[in-house]
Amino acid sequence: MGYERQGMQGFYQFPQPITHSLSFSQDSRLRNTMSFAHLHVHSQYSFLEATIHIKELAEEAQKMELPAVALTDYGNLCGAPEFYQAMQKVGVKPILGCEFYVVDGNHANRGLDMHGRRPTLYHLPLLAKNAAGWRNLMQMSSKGYLDGFYHKPRVDFKLLEEHKEGLICLSGSPLSHVNRLLAMGKEDDARKSVLRFREWYGDDFYLELMDHGLEDEATYNAFHIEIGKELGIPLVASNHVHYLKQEHSEAHDILRCIGMRTDLNNPSRPRLPNDKYYFKSPEEMKELFSALPEAISNTLEIADKVEFELKFGEKHFPKFQIPKDVDAADDFEYLRQLSEEGLPKRYADVTDELYQRMEFELNIIQMKHLASYFLIVRDFIVFANEREIPVGPGRGSAAGSLVSYLIGITNIDPMEYNLLFERFINPERESYPDIDVDFSDDRRGEVIEYVRKKYGADCVSQIITYGRMLAKGVVRDVGRVMGLPLEEVNAIAKLIPDPVQGKSKKLYEAIKDVPELKELIESRGEYKQLMERALTLEGTVRNQGVHAAGVIITPEPITNFAPLSRAGEEGVVVQFDMNNAEALGMLKVDFLGLKTLSILDKTLALIRNKGVELDLDDIPIDDKPTYELFSRGDTIGIFQFESSGMRENLRKLLPERLEDLIAMNALYRPGPMANIDDFINCKQGRQEVKYLHPTLAPILDETYGIIVYQEQVMQIANQIGGMSLGRADVLRRAMGKKKEGLMGEMQPEFVEGCSASGLSQSQAMELWALILRFAKYGFNKSHAAGYSLVAYQTGYLKTHHPAEFMAASMTVRKGNTDEVVLFLEECRRMGIKVLPPCINESEEDFTVTRKGQVRFGLTAIKGVGSAAIHNLLGARDTGGKFNDLFELCGKIDSRILNRKALENLILAGATECLDGHRNQQAQVLDKSMAFGQQLQQDNARGQVSLFGGGDDDESGIGLPHPELPDVPKMTAKDLLAAEHERLGFYFSGHPLLRYRHEADALSMHKVVDLMELQDGTSIRIVGLVNSVKGRQTRNGDMMANAKLEDLTGFIPLLIFPRSYENCKEILKDDEPFLIAGKVKSQQDQVDLIVEEVEPLDTAVKRLIKAIRIRWTYDRDAETMIAFENIVRKHPGGVRIKVHFQNGDGGSWVMTSERYKVSTNQQFLKAAEKLLGEGNLRLETVG
């Protein structure tokens, strides 16, 4: 039988409308003759297949007065919670569904089919009719990802049959099973497919009609109409919605190009055939299907059938299993026992105040049914402690809980630091608290695995995250797909402000706030088009990932509560994001990996190696040398205190107690940073501490009259405003989130409370304005306290065990070359010698020698690998130290420690302890390996060398070793280059060290400091330029990319055509230059846009005007004469300033009228040798 398109009204015209026996209630709230429900809609959670944002979808549905809408994203249910809430908010009935990818055969089979082709994916939309249907959607989506994922999440027909209960099935789009069979001319098979679906879904199976103006659709629809009439299967009209408005068609095309990594110039790119796949109005749909009114009304019938509520706010926490040897009736009684046992352990004097605080917290915990939550967290912390996995003292507001402290969840005393429980659990709010826990980043996985085994792998999962197309990124993506020149797109993107505190400014805000951006966009039609499309796509989900810390734990298999997915190679994740998973009642715990805890752990292990046992819980909290380290700003490597801006503020603050560090930790953030100078001046007595009213003094005394913490806002509202602390927390949140309505309700209550505390109405309003200003920026004191304690512990170890601390820090950072370079420079500054890697002395990680020197770790050498290192160390442990390369090759397994790895060890300097120099060893490597292999073969055959030392000699020492070749040593330049390639930096001697005086004088910043500078900041910096690579722009001009390296790290250079034209003749690799340019900063990437390049020697002659000599009172006349002789040997044009310092702290500067000097390398070297390092400085001011 054939089905041909007829030229008819709308899409089809029939002599008589086809009717079905199905009927529905005319008094339903969904019955409306003008109404229609969209049942086949894709959102941005169809991942680069659709552009629709759910909030905008809900607004459009409300505007169209639709009674219901179904969400049917491809393969997943990621958007379901957001969609459900958004639709409910606007009074539209949400229908949850999914368009599955279905394959013949077994969905878990990832191979080719019997014809050698990848299995065909059939599209099938299913809608949840009730709770059973929702569970089946979750089960199938999970199985599609976990078992059937092969490019797409796939299910098979067997799964469909097993999970058919509670589902409404639409026959699907042109890519459905039925329609694909029709496309192949297999009408009988298509009929069988229809019958199978009708058998499975009964009256809940509908034949889906679509009209996007395609010839194929006419054929499919005619078949559906005919067979529907014959078998009594109802028809339903849909539009296959992929974008919200018809004008978004081009943006959707671009989105598909982004997903397929192609562009609009590719004529064979996959795309929808026309611009009809938008969210059409009921009127448009009724016009299309005017000949089939029942296909429209059946959308309402389906909506009527759906009786499912997605329940938010219910709690699905696992019940903690009380140990069998514990006599406790339930989880709360066990929690009480642990808390009471903890009181005398934590406090020598258990006061009434402590007991009352404990009782208060326990009552709230019981009221909110949170005892199991506390016990679950405590349990995995106990596991970590028993396995000696480092655990942080407290993170976030949980540190404000006394019960948490008593049972060992936290390790910072909330009473001593005046931390508030209500900031953690508010008795006047319905929300549940978060207990976030830090573990050492290298052992965090062990704790998660313990939880997975304890509660069951099917009850524990990590959480999905979404990478979105934000302002700068979406402009670059759209520009690339449109084929615009890269430099033009970058010029537009550069004008968009960078994110602040992780929040990216919206494109429309950037256009409004940056006149240059608006002007540039309006200068060309292509730029306007780019921005229009970017505005449509902004915020669209681009990719999926795994939440860095969040883990879901449920009492039953997770798929009873949420669907699962697979995020690449990173493992299984819950399809709902963190907020939606929590809103649906699942227990979320953050297991965070903290690098600093790994450093502390490795430092303590190195300290134990020298026979010293140290427990960080026992170190004094008032150690003067540690606070002196903070006061000097010597905090490179100190958690939360190592940025250049923080170090500068520490030098001004001169902290003397942990509270000072807590305050600085809280203040050094955008917003409150403006109060740092006032805080410091008040602490140092240079500025009077002022209070708006005397009643504020007890609350703000520790922060010198400045509101620093969120807890202080709560205390003001409580102690002066008369609110409970729970109510005060509600006010704090309202102020922080600018909830004007709620603030308006609470203001009279606050003012009334202030009046009862003795304030006038004007004073109360002034205080309200004060806390309103600070509430926006106030920081969580509990969090600052926990992290400042970790910082103090870190500082203590750096102060008292510096070599061990630096070795541990470099071990943990060995994968980041820039950070290792920074720490090597810090070791040099601290006077700690770092020894090179050595196959006879080094271990896997950085270690400390008996002389207090740091020995380089072997795993930090590139191109060797941990397996090769283990083989080497095993051979050394078994057979002792190596004497030469031949012996080494005779002891190792060359299949593991292969030629390339050995060459890298040699050129990195790790074999300097063996006979011969590096060039000799490199030249004889092949002979050495052949010798080693022959020796191992002889030993395996039991042969004894004629020259051997007997049966016990298997080292090959007795065999005559080949002679080392007579070749010259590597030049210093080649040696350093080889080290740089294998280590990522210069080790034996940085080429820039000889220019450090010039660099210090001419550089405004060091590379390590550039991350903190704002985009567009002008700088001047000295460094070695390398990796210069010229390339042609689209306009045919030449530009270059390069790297600049100083003693603290590397930064990429962008040299655009105008600058490159001026410097291309002088730019040479590994030469020092003075570079002037501007910082280009976006998120975690910092580049330097080069404006001017000048050879360092030229810059020194042009800019250095004076040399300052530090002359201390204890220098004798002989030193003065020796210095004068050096000056005479190097005459030049640079003034000499002598900074005299006497023993009483006085000083004065004198400029020599008799001598001027040449600041060449010979002079600087001789003068520094005489006067000592740090006693001379070049200056650009005469």
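The values are calculated or read from the model by the stated rules, or taken from the named source; none is laboratory data. Because the structure is predicted, anything quoted here is derived from the model rather than measured. No Cβ is skipped: glycine too gets one built from the backbone with ideal geometry, and neighbour counts run over all protein chains shown.
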Going by what's in this entry, would Glu804 be described as surrounded by fewer than 19 Cβ atoms within 10 Å (Cβ to Cβ), part of a helix (DSSP H, G or I) and more than 24 Å from the chain's Cα centre (by Cα)?
no
Is it the case that some residue within segment 285-306 is part of a loop (DSSP other than H, G, I, E, B), out of contact with any strand residue (DSSP E or B) (no Cβ under 7 Å at 6 or more places or on another chain), of a type outside the set (Phe, Trp, Tyr) and without any contact (Cβ under 8 Å) to a residue 12 or more places away in the chain?
no
Would you mind stating whether Arg261 is under 19 Å from Ser176 (Cα atoms) and modelled with pLDDT under 95?
no
Is it fair to say Ala1117 is surrounded by 17 or more Cβ atoms within 10 Å (Cβ to Cβ) and farther than 30 Å from Lys494 by Cα?
no
Residue by residue through segment 882-897, note down the ones that are over 43 Å from the mean Cα position of the chain (by Cα) and assigned to a loop (DSSP other than H, G, I, E, B).
Phe882, Asn883, Asp884
Quick check, is Lys129 surrounded by 18 or more Cβ atoms within 10 Å (Cβ to Cβ) and in contact (Cβ under 8 Å) with a residue 60 or more places away in the chain?
yes
How many residues, within segment 480-498, are surrounded by fewer than 17 Cβ atoms within 10 Å (Cβ to Cβ), in contact with a Leu (Cβ under 8 Å, 6 or more places away or on another chain) and outside any helix (DSSP H, G or I)?
1
Only residues that are touching a helix residue (DSSP H, G or I) at 6+ places or on another chain (Cβ under 8 Å) and within 19 Å of Phe197 (Cα to Cα): list them for segment 140-156, please.
Met140, Arg154, Val155
Can you list the strands (runs of 3 or more DSSP E) lying wholly within segment 1038-1157 that have 3 or more residues being hydrophobic (A, V, I, L, M, F, W, C) and farther than 26 Å from Glu1012 by Cα?
1106-1112, 1131-1141, 1147-1157
Give me the residue from segment 140-183 that is of a type in the set (D, E, K, R) and not in a loop (DSSP other than H, G, I, E, B) and, out of that set, nearest to Leu564 (Cα to Cα).
Lys143
For segment 699-711, which positions are under 21 Å from Tyr787 (Cβ atoms), of a type in the set (Val, Ile, Thr) and not in a loop (DSSP other than H, G, I, E, B)?
Thr703
Qualifying residue in segment 901-912 (condition: over 33 Å from the mean Cα position of the chain (by Cα), surrounded by 21 or more Cβ atoms within 10 Å (Cβ to Cβ) and either outside the structural domain of Asp818 (by TED's automatic domain parsing) or of a type in the set (Ser, Thr, Tyr) (or both))
yes
Which condition number in (1) at pLDDT 95 or above; (2) among the small types (Gly, Ala, Ser); (3) more than 29 Å from Gly571 (Cα to Cα) is the one that Gly97 fails?
(3)
Would a scan of segment 785-807 turn up a residue that is touching a Lys or Arg at 6+ places or on another chain (Cβ under 8 Å), of a type in the set (Phe, Trp, Tyr) and over 30 Å from Tyr691 (Cβ atoms)?
yes
Filter segment 670-698 down to the residues that are surrounded by 13 or more Cβ atoms within 10 Å (Cβ to Cβ), touching a residue at least 60 places away in the same chain (Cβ under 8 Å) and not in a helix (DSSP H, G or I) and list them by number.
Gly671, Leu692, His693
Contact list, first residue from segment 171-186 and on the phi > 0 side of the Ramachandran plot, second anywhere and hydrophobic (A, V, I, L, M, F, W, C), beta-carbon distance below 9 Å, six or more apart or interchain, is Gly172/Leu124; Gly172/Val178
Would you be able to tell me the number of residues in segment 975-1007 that are touching a residue at least 24 places away in the same chain (Cβ under 8 Å), closer than 15 Å to Arg1020 by Cα and of a type in the set (A, V, I, L, M, F, W, C)?
4
Somewhere in segment 211-233, is a residue in a helix (DSSP H, G or I) and without any contact (Cβ under 8 Å) to a residue 12 or more places away in the chain?
yes
If you go through Lys319, Lys324, Lys315, Lys305, the only one that is over 40 Å from the mean Cα position of the chain (by Cα), surrounded by fewer than 21 Cβ atoms within 10 Å (Cβ to Cβ) and within 22 Å of Ile376 (Cβ to Cβ) is Lys324
Go through the residues of segment 1109-1130 one by one and say whether even a single one is among the polar types (S, T, N, Q), modelled with pLDDT of 90 or more and under 17 Å from Leu1002 (Cα atoms).
no
Please name all residue pairs, on different chains or six or more residues apart, with Cβ atoms under 9 Å, provided the first residue is in segment 433-454 and is aliphatic (A, V, I, L, M) and the second residue is surrounded by fewer than 16 Cβ atoms within 10 Å (Cβ to Cβ) and assigned to a loop (DSSP other than H, G, I, E, B).
Val447/Arg387
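Conditions tested, residue by residue: (1) assigned to a helix (DSSP H, G or I); (2) crowded, with 19+ Cβ neighbours inside 10 Å.
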position	(1), (2)
Val437	no, yes
Val451	yes, yes
Ile464	no, yes
Val474	yes, yes
Val478	yes, yes
Glu509	yes, no
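Per-residue answers, yes or no, for (1) in contact with a helix residue (DSSP H, G or I) (Cβ under 8 Å, 6 or more places away or on another chain); (2) crowded, with 17+ Cβ neighbours inside 10 Å; (3) assigned by TED's automatic domain parsing to the domain that holds Pro625; (4) of a type in the set (A, V, I, L, M, F, W, C):
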{"residue": "Val713", "(1), (2), (3), (4)": "yes, yes, yes, yes"}
{"residue": "Met723", "(1), (2), (3), (4)": "yes, yes, yes, yes"}
{"residue": "Gly726", "(1), (2), (3), (4)": "yes, yes, yes, no"}
{"residue": "Met735", "(1), (2), (3), (4)": "yes, yes, yes, yes"}
{"residue": "Glu766", "(1), (2), (3), (4)": "no, no, yes, no"}
{"residue": "Leu770", "(1), (2), (3), (4)": "no, no, yes, yes"}
From the list Thr794, Thr703, pick out the single residue that is under 30 Å from Arg829 (Cα atoms) and within 37 Å of the chain's Cα centre (by Cα).
Thr794
Those residues of segment 629-659 which are out of contact with any Leu (no Cβ under 6 Å at 6 or more places or on another chain) and free of Cβ contacts under 8 Å to residues at least 24 places away in the same chain amount to Arg632, Glu642, Met646, Arg647, Glu648, Leu650, Arg651
Is it the case, given these coordinates, that Glu912 is part of a loop (DSSP other than H, G, I, E, B) and either among the polar types (S, T, N, Q) or at pLDDT 90 or above (or both)?
yes
Could you tell me whether segment 556-578 includes any residue that is over 25 Å from Ile412 (Cβ atoms), hydroxyl-bearing (Ser, Thr, Tyr) and in a helix (DSSP H, G or I)?
yes
Does segment 862-878 contain at least one residue that is in a helix (DSSP H, G or I), closer than 16 Å to Leu925 by Cα and acidic (Asp, Glu)?
no
